[in-house]
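Reading through the structure tokens given below for one structure.
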Amino acid sequence: MNRYIKQLKEGILDQNPTLVQLLGMCPTLATTTSLENAFGMGMAATAVLICSNVFISLLRKFIPRQVRIAAYIVIVSGFVTAVELLMRAYLYSLYQALGLFIPLIVVNCIILARAEAFASKNKVLPSAMDGLAMGLGFTFALCILGTVRELLGSGSVLGFRVLPEAYPEMVVFLLPPGAFLTLGFVIAAVQKLRGMSEERRRRRAGSGARQSAEPAAAGTEPAADAAVISASGAAISGVPGDAAPAAGSPDADTPERQAADRKEDNKT
Amino acid sequence: MNFTDILLLMFSAVLVENFIFSRFYGCCPFLGVSEKPDTALGMGMAVTFVMTVSGAATWAVYRYLLVPFGLEYLQTVAFILVIAALVQFIEMFLRRFIPALYSALGIYLPLITTNCAVLSSALLIVQEDYSFLEAVCFGFSAALGFTLAITVFAGLRARMAYADPPRAFKGFPITLIAAGLLAMAFSCFSGVQL
């Protein structure tokens, strides 16, 4: 059970497919003009990801290695067609808003990457869980972007006006340039948080009290959440990192290092 | 269908409705393979080649295979298979007959199967109900727009390598922000009335 929780955490936070692994940029940029569209896209991709992971995992012993990519694509496109038809039947307005990006889930790199890296090597249940975790991670990233863009671009969240009437709607955030800019700033924030946690981990490794990273994992607001990302990330990747500073990592590991790092962070 | 219409279609596919900057098709290679101008140009040429041929092939498959049998709902599956087969075939053909071109484009060809620009151009051709000539011209010019975008962007990134952004912005974020600024420049074309 623990293992699945860890998998979920990896997919949503530490190994987030969009914000950390930087996969699947097209739907991320294109469908996040509003939170509703972003969530719909994320859920559609999650459904396909779970189904295709399960199916590929079931067939992993029968698919010949040479044609595996083609086989994966056919399996994925079958599920994508099913999801597309279901959405057309039951969620028509969302289907129209997402447009071509529903069939384009076929060529979403996240799905092929998980099929190749995980489902083709693991049993069914972990593969399904991996699909769920990665799909939720993708949805999470899309929702962050969707919220920011909808809030800045039309002053509302989920269609409800949040900001006062006097707020001038910055339409640029709904247009393509805003998509690139928002994603750039969000990923910069993620890198910043990861850098901070790295530093914290190193300092903790220095004082030999690394174990306390895990229990800190309980937070609801985004900032605390992000701190959890980094804390748990530190705990997981901490094993080799433990020795690294002693062996002389790229960053200097003198006592002044922490102060210097801090200063650099403040500067940025 | 006269010449002016074709020309307008091509102009709009290259600039006004640029695949990267106004439609977001093909962003993965755009962000991934744009570190050096010459590799970017190679990728662009490979995409242009595949997209032109696949525009024609998927048009034919749709019109003469899917429509007569009432299988339009299978278009995604059919198109991705056609594209995968086509890429494989082009790769073999080039290696056998035009080795020079193969050595220039070879490494990019397998990547193109999962390039969403190719699949989306095939789907758009069906959606817009283009004729055969329009389909080929659309595929070619949309890919030309992709090549233009990726080459220009690679030039920018080559200059950006010397910049010193804040630490959190290093790497991917600053690249995305540059892409955003370039997209702003391209968005001026969206005011063009055709």
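None of the figures in this text is laboratory data; all of them are computed from the coordinates on show. These numbers were taken from a predicted model, which means no experiment stands behind them. No Cβ is skipped: glycine too gets one built from the backbone with ideal geometry, and neighbour counts run over all protein chains shown.
Numerical summary
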| read-out | value |
| --- | --- |
| In Hz, Karplus ³J(HN,Hα) per residue of region B:84-96 (6.51, -1.76, 1.60; θ = phi - 60°; x = Gly, Pro) | 4, 5, 5, 4, 4, 5, 4, 4, 5, 4, 5, 5, 7 |
| Nonlocal amide H pairs with A:V157, under 5 Å, H built at 1.01 Å | A:V162 |
| Between 0 and 90°, nearest 10: helix B:37-61 axis offset from chain B longest Cα axis | 20 degrees |
| Where Cα atoms sit under 14 Å apart: lysine pairs in the protein assembly as shown separated by 8 or more or lying on different chains | 5 |
| Cleavage-rule hits (chymotrypsin sites (Phe, Trp or Tyr not before Pro)) in region B:95-194: DSSP loop, at most 15 neighbouring Cβ within 10 angstrom | B:Y162 |
| Helix-only [θ]222 nm of the protein assembly as shown, DSSP H runs n ≥ 4, -39500 (n - 2.57) each, per residue, nearest 500 | -22000 deg cm²/dmol |
| Whole-Hz ³J(HN,Hα) from phi, Karplus 6.51 cos²θ - 1.76 cosθ + 1.60, for region B:22-32, glycine and proline x | 10, 10, 6, 9, x, 6, 4, x, 4, 8, x |
| Approximate spin-label separation B:T4-B:L41, in nm, with each point projected 7 Å along Cα-to-Cβ | 3.6 nm |
| Quarter of the Cα convex hull surface for chain B, i.e. its orientation-mean projected area (nm²) | 12.5 nm² |
| Net charge of neighbours whose Cβ lies under 12 Å from the Cβ of B:M10, counting Lys and Arg as +1 and Asp and Glu as -1 | -3 |
| Inter-probe distance in nm under a simple model that places probes 7 Å from Cα toward Cβ, at B:E72 and B:R167 | 5.7 nm |
| Relative contact order (%) - chain B, alpha-carbon pairs under 8 angstrom, separation at least six | 42 percent |
| Net charge of Cβ neighbours under 12 Å - reference A:A38; Lys, Arg +1; Asp, Glu -1 | -1 |
| Span per principal axis, largest first, for the Cα atoms of the protein assembly as shown (Å) | 74, 55, 53 |
| Cβ-based net charge around B:S190, under 13 Å, with every Lys or Arg adding one and every Asp or Glu removing one | 0 |
| ³J(HN,Hα) computed for each position of region A:62-74 - Karplus, 6.51 cos²θ - 1.76 cosθ + 1.60, integer Hz, glycine/proline x | 9, 7, x, 4, 5, 10, 5, 4, 4, 4, 4, 5, 5 |
